[in-house]
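One structure is given here, and the rest of the page talks about it.
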Amino acid sequence: MSESDLETPEDAAPAVETRLDADDRLKPEFVQEVVDRVDAGDEDGARALVEPLHPADVADLFELVDRDQRQRLAAALAGLLDGDVLAEMNDWVRDELLEALEPHQVAEIAGELDTDDAVAIIEDMEEEDQRAVLRALDPDDRAAIEEALSYPEESAGRLMRRDAVAVPEHWTVGQVIDYLRAGDDQSTEFWEVYVVDPAHRPVGTCLLSWILTTPRRIAIADVMKREQTLIPVDMDQEEVALRFQKYALISAAVVDAGGRLVGMITADDIVHIIQEEASEDALLLSGVGEGDINEPVVDSYKARVRWLLANLVTALVASFVISRFEGAIAQMVALATLMPIVAGVGGNAGTQTLAVTVRALATNQLTQSNRWRSVLREIRVALLNGLTVAVVIGIGVSLVFQHPMLGLVIASAMLTNIVVAGMAGVLVPLTLERFGADPAVASSVFVTMTTDSMGFLAFLGLAVATGLVG
């Protein structure tokens with residue numbers, strides 16, 4: 001083969017790159033041009049523009065157009081809307097498009113995909129539609145997908161690919177190579193070969209690089225690594241991701257309750273899970289549900305309004321505390337000016353600790369073994385932060401209001417509230433986690449209520465207790 005055969009035409013690569021912004025998002029003018037051609041009935045022109053794009057970019061294109069244009073775009077692109085595109089697409093957009101397809105069309109797309117991607121498409125469908133799609137699938141594909149759907153949601157069984165490559169331990173390296181070359185039904189993407197015993201239980205794993213660099217006559221059992229990380233089929237996907245991260249895995253065997261090999265999970269699947277779980281925790285802390293910009297307005301409303309109402313209740317608690325000190329506030333207007341500062345800084349301190357704690361729980365850094373050490377650590381951090389902020393605010397208030405006692409009161413209240421905020425930020429999520437609740441969901445409501453109420457109570461209570469006001 002000559003060098004000219006290996007060269008890429010000069011105008012091939014830029015054709016796609018020029019359609020992308022610096023952040024790899026499709027340029028607005030390109031998106032508009034595709035939409036204009038679809039609206040004008042020029043389907044061939046629209047397909048010609050979109051065809052060179054990567055499946056992930058085609059998926060982005062559907063997310064970038066208006067909701068009422070997606071069905072027409074799907075009809076215009078026809079054959080380009082395949083399984084690879086749907087697998088990369090936002091869940092809300094994908095579900096919307098699938099609703100417009102016939103069961104046999106969805107089955108045709110699912111049949112092109114790996115089991116994990118096919119399950120991701122089918123699992124969120126209505127039960128009746130799901131059964132119709134499964135009936136339209138080939139028997140082998142249907143059996144594989146039905147088995148995957150029998151596992152719990154967000155478990156390794158839903159995430160795994162069934163086509164793991166397994167060989168018996170008595171084979172030689174040469175036999176393994178011949179098997180890999182001859183197998184028509186092998187997985188197209190794999191990095192390890194799993195070695196199994198007669199009961200199909202994994203006894204070791206062997207990287208492809210080891211196989212390719214070992215003489216053919218050597219037994220595969222002499223090359224394989226016997227220590228391996230096995231993933232139970234019912235393990236939660238978040239725990240699976242943590243194992244991949246902790247042990248730097250590129251793939252791992254999935255085993256059933258009897259220890260038999262039933263599939264594999266690869267690193268590219270885990271990247272999506274890590275992103276999904278991290279985003280989920282961040283959004284839950286903010287009380288916005290899934291927080292997807294493609295989510296229907298009514299669903300977003302339902303997810304957010306309940307937490308706003310919960311925050312309203314916590315605000316009423318804080319208001320009740322203030323109402324107990326109406327007389328004191330009337331005597332010194334400065335108290336009304338300064339008390340939001342105490343509550344606000346305390347709230348920020350609590351949010352900082354809460355974020356650290358929820359992340360530590362999510363990544364298994366915080367466990368039964370070190371929880372009290374972590375609690376004491378956060379209290380020490382809160383003390384240092386509280387002392388620093390208290391000194392600054394105390395001196396500042398004393399100078400501005402020419403009232404040293406007022407400065408001492410707000411400094412003491414600030415120190416108290418920041419320490420309480422630190423304790424609440426770590427103890428609230430730990431308590432919720434102990435009782436089986438998701439710390440990311442409800443922690444912020446309780447921490448906010450604690451810091452607001454304690455901030456007002458400490459500041460106004462100290463003002464009365466010290467005789468600053470009658």
List pairs: first in region 329-357 and touching a residue at least 60 places away in the same chain (Cβ under 8 Å) and over 17 Å from A390 (Cβ atoms), second outside any helix (DSSP H, G or I) and among the small types (G, A, S), Cβ under 9 Å, 6+ apart or cross-chain? Q331/G470
Of the conditions (1) modelled with pLDDT of 90 or more; (2) of a type in the set (F, W, Y); (3) loosely packed, with under 14 Cβ neighbours inside 10 Å, F456 clears all except one; give me its number. (3)
Here is a list of conditions, (1) within 30 Å of the chain's Cα centre (by Cα); (2) assigned to a loop (DSSP other than H, G, I, E, B), and H170 meets all of them except one; can you say which number that is? (1)
What is the residue count in region 64-95 for residues that are crowded, with 17+ Cβ neighbours inside 10 Å and touching a residue at least 40 places away in the same chain (Cβ under 8 Å)? 2
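Looking only at region 66-106, how many residues end up being outside any helix (DSSP H, G or I) and within 17 Å of V297 (Cα to Cα)? Don't jump to the end; show me each part of the working.
Initial filter on region 66-106 (outside any helix (DSSP H, G or I)): 66, 81-82, 89-90, 99-102.
Those still in the list that are within 17 Å of V297 (Cα to Cα) too: 66, 90.
The qualifying residues number 2.
Among the listed residues A421, A465, identify the single one that is crowded, with 22+ Cβ neighbours inside 10 Å and either of a type in the set (A, V, I, L, M) or within 21 Å of I379 (Cα to Cα) (or both). It would help to see each step written out before you state the result.
Details: A465 fails: crowded, with 22+ Cβ neighbours inside 10 Å.
Only one candidate qualifies: A421.
For residues that are under 36 Å from the mean Cα position of the chain (by Cα) and among the hydroxyl-bearing types (S, T, Y), scanning just region 363-401, find the one that is surrounded by the fewest Cβ atoms within 10 Å (Cβ to Cβ).
We begin by selecting, within region 363-401, every residue under 36 Å from the mean Cα position of the chain (by Cα); these are 363-386, 388-389.
Keeping just the survivors that are among the hydroxyl-bearing types (S, T, Y) gives 363, 367, 369, 374, 388.
On the way: T363: 16, T367: 10, S369: 7, S374: 18, T388: 13.
Among them, the one singled out is S369.
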Out of region 307-349, which residues are modelled with pLDDT under 85, in contact with an Asp or Glu (Cβ under 8 Å, 6 or more places away or on another chain) and not aliphatic (A, V, I, L, M)? T314
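Identify the residue in region 120-139 that is part of a helix (DSSP H, G or I) and exposed (fewer than 11 other Cβ atoms within 10 Å of the Cβ) and, among all such residues, is farthest from the chain's Cα centre (by Cα).
Applying the first criterion (part of a helix (DSSP H, G or I)) to region 120-139 yields 120-122, 127-136, 139.
Right, trim to exposed (fewer than 11 other Cβ atoms within 10 Å of the Cβ) and you get 127-128, 139.
Numbers: E127: 26, E128: 29, P139: 33 Å.
Top of the filtered list is P139.
Before we move on, is L309 farther than 25 Å from V392 by Cα, under 29 Å from the mean Cα position of the chain (by Cα) and touching a residue at least 24 places away in the same chain (Cβ under 8 Å)? Steps first, answer last, please.
On the way: farther than 25 Å from V392 by Cα: yes; under 29 Å from the mean Cα position of the chain (by Cα): yes; touching a residue at least 24 places away in the same chain (Cβ under 8 Å): no.
Criteria not met by L309.
Can you spot a residue in region 442-459 that is in contact with a Pro (Cβ under 7 Å, 6 or more places away or on another chain) and among the small types (G, A, S)? Let's see the steps before the verdict.
The initial filter retains those residues of region 442-459 that are in contact with a Pro (Cβ under 7 Å, 6 or more places away or on another chain), namely 443.
Still in the running and among the small types (G, A, S): 443.
Yes, region 442-459 contains at least one residue that is in contact with a Pro (Cβ under 7 Å, 6 or more places away or on another chain) and among the small types (G, A, S).
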With the condition kept exactly as written, say whether any residue in region 120-133 is touching a His at 6+ places or on another chain (Cβ under 9 Å) and modelled with pLDDT of 85 or more. yes
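The values are calculated or read from the model by the stated rules, or taken from the named source; none is laboratory data. Since the structure is predicted, the reported quantities are computational estimates derived from the model, not experimental observations. Counting neighbours? That spans all protein chains shown, and the Cβs are built from the backbone with ideal geometry, glycine included.
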